[in-house]
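Notes to accompany the following structure.
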Amino acid sequence: MSSAVNVPLLKTPLHALHVELGARMVPFAGYSMPVQYPAGLMAEHLHTRAAAGLFDVSHMGQLRLVGADAAAAFESLMPVDVIDLAVGKQRYGLLLNEAGGIMDDLMFTNRCADIFVIVNGACKVADIAHIQARIGMRCQVISEPDRALLALQGPQAVTALSRLAPGVEKLVFMTGGSFTVSGADCFITRSGYTGEDGFEISVPARHADALARALLADSGVKPVGLGARNSLRLEAGLCLYGNDIDTSTDPVEAALTWAIQKVRRKGGARAGGFPGAIKILAACADNTGAIAQKPLRKRVGLIAQERVPVRDGVELFSTDGKPLGKVTSGLLGPSIDQPIAMAYVPLEYATLGTTVHAMVRGKSVPMVVSAMPFTPHRYHRG
C-alpha cells in the first residue's frame, strides 16, 4: 500500500486577487491556478477574441542566460538559430533529448545583456536542471523565481497596455523591450498563446497585484482562466506540452519543422550540432526541399462532422476500423462553434480532407483532417 505525500500547492503572487474575483481554483503544474471566473469559460474565451483577456501565467519558469558564449551554448540544446537572433527579437525553441524527443517548448529573447527564456510551468524544474547541467559551465544560468508573468491578449490589449506603458504599441509580433509600468520595471514581449495580438509581461512579483488591478481597471480587460487559455490555444493550432508534444514526439512528426531555421538544417552553416540531429535532419527537408526519411506519423488538426465534443484521449480509427491513434487535445471550439482536435495519425491518413472516426462513448464520430489554425492568427506584424 503506497502512501501519497500531500505536497502543498504553490501560490502565484496573484492568488489573493483570483480568490477575490471569485475564480474556481484548481491544481495545475504544482500551483493553485484559476481555471475560470464567474463569467465562465465560454464568455472568457469570446471576450479575449473580441476585446482583451488578462491571464496569470506566473507558474511558468523565467530564466536568464548570461555570458559571451550564452547564445552558442543554448543553441547546442535546440535545433533553432540562437546566434543570429537580433537584439530585441523573440523566437520559439524546442529543448530536445538525445533521441530527438521534445523535452519542452519555450520562448527566448535576445536582450543583448542576456538571453531571457520562458519555459513551461510543469517542466521548469527539470528544464533549468537540464540547462544548468549541459551548458552551466559555458554561461550563467540564472533562475528568476521572484518574477511574475502576466499575459494580456486580444485586439484591445494594445490600447489597454499602452495607457500604462506608452511605447509598447511600437512593438511588433515576437519582439520585446524593457518598460516601466505602474512603477515596476517590466520586460514585455508582443506575443502569446491565443492566436490574438497581445503581450506577455514579466514583472517583479511584489508589483504583480498592482499591475493586474491597473489592467483590470480598463473596461475592455477581463480576467481569464486556464480553461479558456486552453480553448484559445487549441483554436490557434498551438501545442500544449504534455498533450500534443512530449519526449515521445519529435519536431518533424509534430509538424514543428517551421521552428528549425535553415542555418541548422542540412546544408546550413551550422547544420546539426543539437541532440537527435541525425534522426531529425534525415526526416527534415534540407535547403533543396529533399527529405531523406519521412516520419511514420504526423500531428494534424481535426474537425468533427457532428456536434459531439471529442476530448483528449479519445481513440481514432480509419473508415475500415483500423486503429490510428488517439486525440491529444480536443474540445468544442467556442469561436468556430465546432468540435476541434489535434491528433497524431499515420502519414497516409494525414492528408487534408481525409476522414477518420473518433469513438466517443461507443459512438463513431466522423472527423475530417483540417488545416490549422482553426481560427486565423491576428498577430501584429507591423
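Would you pick out the residues in segment 315-345 that are surrounded by fewer than 16 Cβ atoms within 10 Å (Cβ to Cβ), in contact (Cβ under 8 Å) with a residue 40 or more places away in the chain and out of contact with any helix residue (DSSP H, G or I) (no Cβ under 7 Å at 6 or more places or on another chain)?
GLU315, PHE317
Table: residues versus (1) outside any strand (DSSP E or B); (2) in contact with a strand residue (DSSP E or B) (Cβ under 6 Å, 6 or more places away or on another chain).
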{"position": "LYS294", "(1), (2)": "yes, no"}
{"position": "VAL308", "(1), (2)": "yes, yes"}
{"position": "LEU324", "(1), (2)": "no, yes"}
{"position": "SER329", "(1), (2)": "no, yes"}
{"position": "ILE336", "(1), (2)": "yes, no"}
{"position": "MET342", "(1), (2)": "no, yes"}
{"position": "GLY353", "(1), (2)": "yes, no"}
{"position": "ALA358", "(1), (2)": "no, yes"}
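Filter segment 361-382 for residues that are assigned to a strand (DSSP E or B) and touching a strand residue (DSSP E or B) at 6+ places or on another chain (Cβ under 9 Å); which is farthest from GLN153 (Cα to Cα)? Spell out the reasoning first.
Taking segment 361-382 and keeping what is assigned to a strand (DSSP E or B), we get 363-370.
Filter again for touching a strand residue (DSSP E or B) at 6+ places or on another chain (Cβ under 9 Å), leaving 364-370.
Numbers: SER364: 36, VAL365: 33, PRO366: 33, MET367: 30, VAL368: 30, VAL369: 28, SER370: 25 Å.
Out of the qualifying residues, it is SER364.
Would you mind listing the helices (runs of 4 or more DSSP H) fully within segment 1-92 where at least 2 residues are without any contact (Cβ under 8 Å) to a residue 12 or more places away in the chain?
Fully inside segment 1-92 and qualifying: 15-20.
Under the condition of being surrounded by fewer than 21 Cβ atoms within 10 Å (Cβ to Cβ) and of a type in the set (D, E, K, R), which residue from segment 16-48 is nearest to VAL125 (Cα to Cα)?
Ranking the qualifying residues of segment 16-48, first place goes to ARG24.
Which of the following residues is small (Gly, Ala, Ser) and touching a Leu at 6+ places or on another chain (Cβ under 7 Å): ALA304, ALA350, ALA358? First the steps, then the outcome.
Details: ALA304 fails: touching a Leu at 6+ places or on another chain (Cβ under 7 Å); ALA350 fails: touching a Leu at 6+ places or on another chain (Cβ under 7 Å).
That would be ALA358, the only listed residue that is small (Gly, Ala, Ser) and touching a Leu at 6+ places or on another chain (Cβ under 7 Å).
List, please: which pairs have Cβ atoms under 7 Å, are six or more places apart or on different chains, and start with a residue in segment 358-373 that is over 12 Å from ALA341 (Cα atoms) and touching a residue at least 60 places away in the same chain (Cβ under 8 Å) and end with one that is outside any strand (DSSP E or B) and among the hydrophobic types (A, V, I, L, M, F, W, C)?
Going by the 7 Å Cβ cut-off, the qualifying pairs are VAL365/VAL308; VAL365/VAL310.
Can you confirm whether LYS279 is of a type in the set (D, E, K, R), in a helix (DSSP H, G or I) and surrounded by 14 or more Cβ atoms within 10 Å (Cβ to Cβ)?
Yes, satisfied.
Take the residues of segment 49-69 that are within 17 Å of the chain's Cα centre (by Cα) and not small (Gly, Ala, Ser): which is surrounded by the most Cβ atoms within 10 Å (Cβ to Cβ)?
It comes out as ASP56.
Read-outs: derived from the displayed coordinates by stated rules, not from any lab. These numbers come from a predicted model, not from an experiment. Glycine also receives a Cβ, built like all others from the backbone with ideal geometry; neighbour counts cover every protein chain displayed.
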